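Before any comments, here is the structure.
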Amino acid sequence: MASVKSSTRILLVEDEQRVSESLQELLELYGYAVHAVCSGHEATAWLKYEPCDVVLLDLNLPGMKGEQLLDFIVSGELDTAVIVVSGEASNDSGLDALRRGADDYLRKPYAPDQLIRAIENAARKQQHAKENAALESRLIESEKLHRYIVESSPDLIYMLDRDGRFTFVNSRIESLLGFRKNELLGVHYSTIVHEADQEFSRGIFNERRTGERAAHNIELRLKCRNGAVRGHQHFLPVEVNAMGMYGPGDAPAEARFNGTYGIARDISDRKRAEEIINFQASHDLLTRLPNRFLFKDRLTQAVAQARRNPQTMAVMFLDLDRFKMVNDTLGHLIGDQLLQSVSKRIVHCLREGDTLARAGGDEYMLLLPQAGRRTEASEVAKKILNELHQPFIVGDHELFVTVSIGIALYPEHGENPDMLIRRSDIAMYEAKSRGKDSFEFYRDDMSTVISDYVSLEAGMRRALTGNQFVIHYQPQVNVATGKVTGVEALVRWRHPTRGVLAPGEFIPIAEESGLIVALGEWVLRQACQDIAMWRKSLPNLRVAVNFSMLQFEQAGLVEMIVSILEEYGVPGEALEIEITENMIMKDVENTVRKLRELSSHGIRIAIDDFGTGYASLSYLRRLPIDTLKLDHSFVRDIHTGSSGASIASAIASMSQSLDLNLIAEGVETELQMNYLRSIGCNEMQGFVLSPPLPADAAGRFVMREPESLAGMRAG
């Protein structure tokens, strides 16, 4: 294979420079000669003058589209293989590319070894094709060479007499269909044609026409000998090209007709690729369950049948409870494995004819077309709940899963698919609001729950532009000096009808809707504006701002933060970014990179809720962390002989050994305050010192003279 690699020339057509450079580096590392271009026009110019074995083609190109470049290569019969790469969610582009003549199709993201295998296969195929072409060009020079080429061909080559009986068949028949060459000579071609294609094959396999009118790329199926199974099938899909053979002379064509010459090409690999693409279009690849689109199609058919033959059926909407915690704490790999196990258990609870689909994330939809009574749907729901109560063993973890189920019945709760799905979804939210791990049938009064959620989300969008959000600041006090060293920015919503809402009432909605990104930027901007004013009197004061995972994943995060600091003239060391341990563990590589970029601008990094996640000591040493925030749950449990005190003491010792600042949050009693001082805690915040204060009151508090901790209270 090394010789193939060393001689293989690859044209990489990719408009994203970073992706192009990384791919070129990877391929050159594997020994390929690579030339990269960023547009279809550059590619056509290169291909006109430079030989190329494999084209690695991204469909999404500026200007000339990838499909146009593919058509240019195929229609021009350029001597090159094409591997199409696409990042589109739909599989239609892949199926279209294969039909247009692409040799392979990869969907982003793909593994490097998957790409290398595809290139190796394409290069091997190109090499084989070139060898065949070279041999075929010398057919006229030697009958012996002609026989060698025919017998070595990867295609089935045959000749029929005028009555459709085999007069020649090459050795490929043995590996493709299991027949020996000699046993087919003199036998009618219909012997190897699939029964379902017998009528269709007439005039195709034994073609009499020539030239453009002859059979070109006609698909049909051939039988395997004695029903032998090939790829779980008893037949082989082929593509037939055939033409009539005629003797010389002026006699009528019928008199000169000698028989048929044909080639049958094995297209089973292409068919399998098409089947995979079709499967991906209608199924969830993680669980192999039907997806939302296939479910909707089956539900539509079931509703139509229920109208013709009046009957009751049930639609269920299932949502795993607190599944996000699994992803956030153990990672998506464990989460995906858990989803696969959950899917299998639910399927075991169903009957033949029921359809379970994965709607996305941790949501499922279930169709029970034969649920004649409400009690039948209840029994299935109870069975699912009981089945999921058993623990799941995923890797080294023992996990427990519960599910909330909403049920809508046809025709009682709706007479069309969309209404049934929507109302089962509403009932599921009712089950969650009633404590989860349960099921509920839809009721008309449930719509108010969803309406309330939608109302809050819509109100939040207006609040972002209507000056309804405010920041309260909770002071952070130095244990030794009693001086305020920083403040934590905490957002509140002054709702026009509900009054002041705490973060727990709207932040989850902001995260689910994506509004947390815009809200987070507003909080940072307002905090920088306030801290800039306070630092005129207290030049060492800092402000701490919390960031969610969704905010941290946004592109251009570092640039946005630095831009706001520069806008208000706030130095980097005046800002402390608070993230959780679980955010680090979810995407270590990307998070570490961004933290280092922020730290390079002097911005401080704090780990919030420390001690409740899964970050290891080795990660803490690698990260540019300045502060650990002792979670309030450990502070709350501080009393003689409690585990909270032991954990707090251990974290204090660790922070000292790593030379990190330690802030205890949620300090509410002098007992807690004195104990934290005794174990070496650097700073504290909590109601014993001051609750979160509006900006003006917080300004007065931070400006007061330092005093003993025991004497400090918010004025």
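The values are calculated or read from the model by the stated rules, or taken from the named source; none is laboratory data. This structure is a prediction, so every number in the text was calculated from the model and none was measured. Cβ placement follows ideal geometry from the backbone for every residue including glycine, while neighbour counts extend to all protein chains displayed. For accessibility, only protein heavy atoms count, side chains too; no ligands or nucleic acids. Shrake-Rupley method; radii C 1.70, N 1.55, O 1.52, S 1.80 Å.
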Q. Of the residues A489, A431, which is touching a Phe, Trp or Tyr at 6+ places or on another chain (Cβ under 8 Å), small (G, A, S) and closer than 30 Å to P411 by Cα?
A. A431
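Residues are listed down the side, and each one gets a yes or a no for (1) assigned to a loop (DSSP other than H, G, I, E, B); (2) crowded, with 17+ Cβ neighbours inside 10 Å; (3) touching a Gly at 6+ places or on another chain (Cβ under 9 Å); (4) hydroxyl-bearing (S, T, Y):
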site: M533; (1), (2), (3), (4): no, no, yes, no
site: L538; (1), (2), (3), (4): yes, no, no, no
site: V545; (1), (2), (3), (4): no, yes, yes, no
site: L565; (1), (2), (3), (4): no, yes, yes, no
site: E573; (1), (2), (3), (4): no, no, yes, no
Q.
For the condition buried (at least 21 other Cβ atoms within 10 Å of the Cβ), within 25 Å of Q127 (Cβ to Cβ) and not charged (D, E, K, R), what is the one hit in V74, V54?
A. V54
Q) Here are some residues: S75, S20. Which one is closer than 22 Å to A129 by Cα and without any contact (Cβ under 8 Å) to a residue 24 or more places away in the chain? A) S75
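Looking at segment 650-671, is at least one residue of a type in the set (V, I, T), farther than 15 Å from A480 by Cα and over 40 Å from the mean Cα position of the chain (by Cα)? Spell out how you get there, then give the answer.
Just the residues of segment 650-671 that are of a type in the set (V, I, T), to begin with: 651, 663, 667, 669.
Right, trim to farther than 15 Å from A480 by Cα and you get 651, 667, 669.
Now narrow it down to the ones that are over 40 Å from the mean Cα position of the chain (by Cα): 667, 669.
Yes: one or more hits.
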Q: Could you tell me whether any residue of segment 490-505 is touching a strand residue (DSSP E or B) at 6+ places or on another chain (Cβ under 7 Å) and of a type in the set (V, I, T)?
A: yes
Q) So which residues in segment 434-448 are under 30 Å from the mean Cα position of the chain (by Cα) and either open to solvent by less than 40 Å² (accessible area, probe 1.4 Å) or at pLDDT below 75 (or both), if there are any at all? A) S438
**Q.** Lone unmet requirement of (1) open to solvent by 60 Å² or more (accessible area, probe 1.4 Å); (2) modelled with pLDDT of 85 or more for R138
**A.** (2)
Q: Could you tell me which numbered condition P475 fails, if it satisfies all but one of (1) open to solvent by less than 40 Å² (accessible area, probe 1.4 Å); (2) assigned to a helix (DSSP H, G or I); (3) in contact with a strand residue (DSSP E or B) (Cβ under 8 Å, 6 or more places away or on another chain); (4) in contact (Cβ under 8 Å) with a residue 24 or more places away in the chain?
A: (2)
**Q.** Residue identified as buried (at least 21 other Cβ atoms within 10 Å of the Cβ) and either of a type outside the set (F, W, Y) or touching a His at 6+ places or on another chain (Cβ under 7 Å) (or both) among S404, S455
**A.** S404
Q: Please verify whether segment 304-323 includes one or more residues that are among the aliphatic types (A, V, I, L, M), open to solvent by 50 Å² or more (accessible area, probe 1.4 Å) and part of a helix (DSSP H, G or I).
A: no
Q: May I ask you to say which residue of I421, I405, I384 is of a type outside the set (D, E, K, R), in contact with a helix residue (DSSP H, G or I) (Cβ under 9 Å, 6 or more places away or on another chain) and part of a strand (DSSP E or B)?
A: I405
Q) Does R345 satisfy being among the basic types (K, R), free of Cβ contacts under 8 Å to residues at least 12 places away in the same chain and more than 30 Å from A97 (Cβ to Cβ)? A) no
Q | Residues (of a type in the set (S, T, Y) and surrounded by 13 or more Cβ atoms within 10 Å (Cβ to Cβ)) located in segment 487-521 | A | S513
Q: Starting from segment 488-517, take each residue that is at negative phi and list its partners that are charged (D, E, K, R) and modelled with pLDDT under 85, counting only C-beta distances under 7 angstrom and pairs at least six apart or across chains.
A: I509/E457; S513/E457
Q: Mind listing whichever residues of segment 99-131 are open to solvent by less than 20 Å² (accessible area, probe 1.4 Å), in contact with a helix residue (DSSP H, G or I) (Cβ under 9 Å, 6 or more places away or on another chain) and either closer than 14 Å to A273 by Cβ or free of Cβ contacts under 8 Å to residues at least 60 places away in the same chain (or both)?
A: A102, L106
Q) Quick one: would you say A408 is in contact (Cβ under 8 Å) with a residue 60 or more places away in the chain and under 20 Å from R298 (Cβ atoms)? A) yes
Q) Would you say A273 is assigned to a loop (DSSP other than H, G, I, E, B), more than 27 Å from E151 (Cα to Cα) and open to solvent by less than 80 Å² (accessible area, probe 1.4 Å)? A) no
Q. Out of segment 24-43, which residues are polar (S, T, N, Q) and assigned to a helix (DSSP H, G or I)?
A. Q24
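Let's see how each residue does on (1) within 25 Å of N327 (Cβ to Cβ); (2) modelled with pLDDT of 85 or more:
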{"position": "A615", "(1), (2)": "yes, no"}
{"position": "R622", "(1), (2)": "yes, no"}
{"position": "R636", "(1), (2)": "no, no"}
{"position": "G644", "(1), (2)": "no, no"}
{"position": "M654", "(1), (2)": "no, yes"}
{"position": "A664", "(1), (2)": "no, yes"}
{"position": "C681", "(1), (2)": "no, yes"}
(Q) Looking only at residues that are assigned to a loop (DSSP other than H, G, I, E, B) and touching a residue at least 40 places away in the same chain (Cβ under 8 Å) in segment 661-693, which one is most open to solvent (accessible area, probe 1.4 Å)? (A) N682
Q. Quick check: is even one residue across segment 155-175 assigned to a helix (DSSP H, G or I) and either crowded, with 18+ Cβ neighbours inside 10 Å or touching a Cys at 6+ places or on another chain (Cβ under 6 Å) (or both)?
A. yes
